1. Looking at the stretch 55-94, which of its residues are of a type in the set (A, V, I, L, M) and over 24 Å from residue 23 (Cα atoms)?
2. On the given criteria, is residue 68 more than 14 Å from the chain's Cα centre (by Cα) and in a helix (DSSP H, G or I)?
3. For residues that are in contact with a Lys or Arg (Cβ under 9 Å, 6 or more places away or on another chain), open to solvent by 40 Å² or more (accessible area, probe 1.4 Å) and either over 21 Å from residue 28 (Cβ atoms) or of a type in the set (A, V, I, L, M) (or both), tally how many sit in the stretch 67-78.
4. Which of the residues spanning the stretch 139-155 are open to solvent by less than 50 Å² (accessible area, probe 1.4 Å) and not in a loop (DSSP other than H, G, I, E, B)?
5. Collect the residues in the stretch 107-120 that are in contact (Cβ under 8 Å) with a residue 60 or more places away in the chain and in contact with a Pro (Cβ under 8 Å, 6 or more places away or on another chain), keeping them in residue-number order.
6. With the structure loaded, tell me whether residue 25 is closer than 28 Å to residue 148 by Cα, in contact (Cβ under 8 Å) with a residue 24 or more places away in the chain and open to solvent by 70 Å² or more (accessible area, probe 1.4 Å) or whether it fails that test.
7. Look at residue 133 and say whether it is modelled with pLDDT of 95 or more and part of a helix (DSSP H, G or I).
8. Could you grab me the full set of residues in the stretch 1-55 that are in a loop (DSSP other than H, G, I, E, B), basic (Lys, Arg) and either over 26 Å from residue 123 (Cβ atoms) or in contact with a strand residue (DSSP E or B) (Cβ under 8 Å, 6 or more places away or on another chain) (or both)?
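The values are calculated or read from the model by the stated rules, or taken from the named source; none is laboratory data. Note that the structure is predicted; figures quoted are calculated from it, not measured. We place every Cβ from the backbone using ideal geometry, glycine too, and count neighbours over all the protein chains shown. Calculation scope for accessible area: heavy atoms of the full protein, side chains included, ligands and nucleic acids excluded. Shrake-Rupley method; radii C 1.70, N 1.55, O 1.52, S 1.80 Å.
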Amino acid sequence: MFDRDGTLVEDVPYNGDPDLVRPMPGAREALDLLRAAGVPTAVVSNQSGIGRGLLTDADVRRVNERADALLGGLDTWVYCPHVPRDGCACRKPRPGLVLEAARRLGVDPGDCVLIGDIAADVLAARAAGARGVLVPTAATLPEEVAAAPLTARDLLTAVRAVLAGTRGGGS
């Protein structure tokens, strides 16, 4: 499982324009490795721009479809449209998105790994019984890196480590 913005594609805040979607370095290659290994893939993403009135559900779907096309296709996409104050069960760091993606994939959450760029991704994985891997970006706080149980210097390194069954993967 992957976070979308800042992990699979460049983070464009509240992006509703498919033309602005740019894959992160190594994202397509990382997904190709997973597909070749027969590993199902999912995206779990907070999309509070919907709840804030900055995006529509259709905008998010169009951006997801563009990302999916550029990345070669993922098995399922799950997103939370709520704002933090809504207190929903799906918004990361809560486990709802991870649990729903695992259900859609037909796998046990405990067999899943969520790769993301901020603490909420790692915490959502933990809350769902999955493993989390942090791939720091400029948006990642130093304390998030220090607290992460697993880190990798980039997305491709994280995926290679997951496929190799290691409990690390980089810096």
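1. Across the stretch 55-94, the qualifying residues are 83, 89.
2. Numbers: more than 14 Å from the chain's Cα centre (by Cα): no; in a helix (DSSP H, G or I): yes.
Against the criterion (more than 14 Å from the chain's Cα centre (by Cα) and in a helix (DSSP H, G or I)), residue 68 does not qualify.
3. Number of matching residues: 1.
4. Hits for the stretch 139-155 are 144, 151, 155.
5. Residues of the stretch 107-120 in contact (Cβ under 8 Å) with a residue 60 or more places away in the chain: 107, 112-118, 120.
Those that are in contact (Cβ under 8 Å) with a residue 60 or more places away in the chain and in contact with a Pro (Cβ under 8 Å, 6 or more places away or on another chain): 107, 117, 120.
6. Numbers: closer than 28 Å to residue 148 by Cα: yes; in contact (Cβ under 8 Å) with a residue 24 or more places away in the chain: yes; open to solvent by 70 Å² or more (accessible area, probe 1.4 Å): yes.
Against the criterion (closer than 28 Å to residue 148 by Cα, in contact (Cβ under 8 Å) with a residue 24 or more places away in the chain and open to solvent by 70 Å² or more (accessible area, probe 1.4 Å)), residue 25 qualifies.
7. Working: modelled with pLDDT of 95 or more: yes; part of a helix (DSSP H, G or I): no.
Answer is no for this residue.
8. 4, 22
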